[in-house]
Amino acid sequence: MSEQHQIEPEPAPSPFLHGTNIQFAWDSTSLGWLKRCPRLYEYEMIEGWKSRGESIHLRFGIELHQALQDYELFREMDLDHDEALHKVVWDLLKRIWGWDPKPTTKTERLKTKTNLVRAVIWYLDKHPRERDPAKTHILPNGKPAVELSFRFALDWGPATQQWGRTAQVPHPERLPEMQAYILCGHLDKIVEYNDDLFVMDHKTTTTVPSEFYFDQFDPDNQMSLYALAAQVIASTTVKGVIVDAIQVAENFSRSTRSFTFRNEERIEEWLNDLAYYFRQAEEFALQGYWPQNDTACDKYGGCKFRDVCKKSPHIREQFLLGNFTRGEVWNPLITR
């Protein structure tokens, strides 16, 4: 028997211009860090500092999204709802069999394996394909518009290339002649609802998904990018994003649906603002300095680097080394 060799996939290219910290490939995560706080962006995107241990919230969200994707794919295989749901749960249980989360907060204690399985079952039983008015859009290639990774170029690139190679850019001779900005990301799915196209996005929350909860998505960086990306993928107008919020609670789960709309004027405004933020990021990279936004330290439950920024600048590196781990930086060019 001949020896078999597994071919390793080629690593994704860097999202930065070669030899610089000028990012050209952006997604909602990295752009959100920059908009929220340039110092947060530096720690996360440039230096790759991570909290120690696996994030319970991240794993919970990944598994839930995978289960909902599996349901769509099983239904495309002509399985009925019950058959598809059975396979979804079976595969989910196999994936989380060895997962042993160690919660330290109240919200983490709700993200259990039992509550995860319950949330998947109750959501899919409430929204089976036959009764859900939001119908999965079918792409021109005949495949359902589910779990779509996107990557498209804008019609402008980093100003350092367009205005000439300045002495501030390290190794300017290595820069490509032209590199357009690229927007990347991932959509849960595109759906048809009342003769309009929408992006469908799923969120998990441990709070009641009230009107106040849904207000956070309008305006919102991620939702605006998703609406733009869906228009590129579908080659037609997309009305906005449907947000299905899945509440995770002790002994029960429920889902609530809401809409956030985006028209062409708002998308154009978002793109105009994007150019401003990209120029800011270029300037920060050229200067090698990423300033704090100290009005954001207490937002989103408090920044995980807040205690770092409380320290004097000359000891922050030691504090980071003692409380975080440094790994690979986030790469928007890696597809799921």
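Here, each number is a calculation from the coordinates, and none is a lab measurement. Here the structure is a predicted model, which is why all the values come from computation and not from measurement. FYI the Cβ positions are ideal-geometry reconstructions off the backbone, even for glycines, and counts take in every protein chain you see.
Magnitude of the Cβ-charge dipole of segment 169-269, K/R +1 and D/E -1, about the Cα centre, nearest 20 debye? Show your work: numbers first, answer last.
Numbers: 8 positive and 17 negative charges, 63 e Å.
Dipole about the Cα centre, nearest 20: 300 debye.
Compute the distance from the alpha-carbon center of segment 200-268 to that of segment 102-157, in whole Å.
First find each Cα centre; the distance between them is then 12 Å.
Highest mean first, what order results for 49-57, 81-89 on Cβ atoms within 10 Å? Kindly include the intermediate steps, with their values, before the conclusion.
Values: 49-57: 14.2, 81-89: 16.8.
Packing order, densest peptide first, comes out as 81-89, 49-57.
Please list 3J(HN,Hα) in residue order for segment 237-245, calculated via the Karplus relation 6.51 cos²θ - 1.76 cosθ + 1.60 where θ = phi - 60°; whole Hz, with x for glycine and proline.
Going residue by residue, I get 5, 10, 7, x, 10, 8, 9, 9, 8 Hz, with x marking Gly and Pro.
Ranking 305, 252, 16, 284 by Cβ neighbours within 10 Å, fewest first, what do you get? Each step should come with its number before you reach the end.
Values: 305 23, 252 11, 16 17, 284 20.
With the sparsest Cβ surroundings first, the list reads 252, 16, 284, 305.
Just need the relative contact order of the chain here, percent rounded to a whole number, with Cα pairs under 8 Å and 6+ apart. Walk me through the numbers on the way to the answer.
Values: 450 pairs, mean separation 91.5, N = 336.
Relative CO of the chain lands at 27 percent.
By what distance, in whole Å, do the Cα atoms of the chain stretch along each of the three principal axes, largest value first?
64, 64, 45
With 10 angstrom as the radius, rank 242, 22, 267 by how many other C-beta atoms surround their C-beta, starting from the fewest. All intermediate terms of the calculation are to be shown ahead of the outcome.
Details: 242 19, 22 25, 267 16.
Ranked by crowding around the Cβ, least crowded first: 267, 242, 22.
Can you sort 190, 334 so the residue with the fewest Cβ neighbours within 10 Å comes first? Mind showing how you got there, number by number?
Values: 190 25, 334 14.
So the ranking, lowest neighbour count to highest, is 334, 190.
Mean-square fluctuation check for the chain, GNM, Cα pairs under 10 Å: which of 268, 283, 44 is largest?
Answer for the Gaussian network model of the chain: 268.
Where a Cα-Cα gap under 15 Å defines reach, which aspartates and glutamates qualify for residue 203, not counting those fewer than 8 residues away within the same chain?
List returned: 63, 147, 188, 211, 215, 218, 220, 244.
Of the listed peptides 296-303, 216-223, what is their order by residue-averaged count of other C-beta atoms within 10 Å, with the highest listed first?
216-223, 296-303
Rg/Rh for segment 22-165 to two decimals, with Rh computed the Kirkwood way over all alpha-carbon pairs. Intermediate values should be presented prior to the final figure.
On the way: Rg = 20.1 Å, Rh = 18.7 Å.
Expressed as Rg/Rh, it is 1.07.
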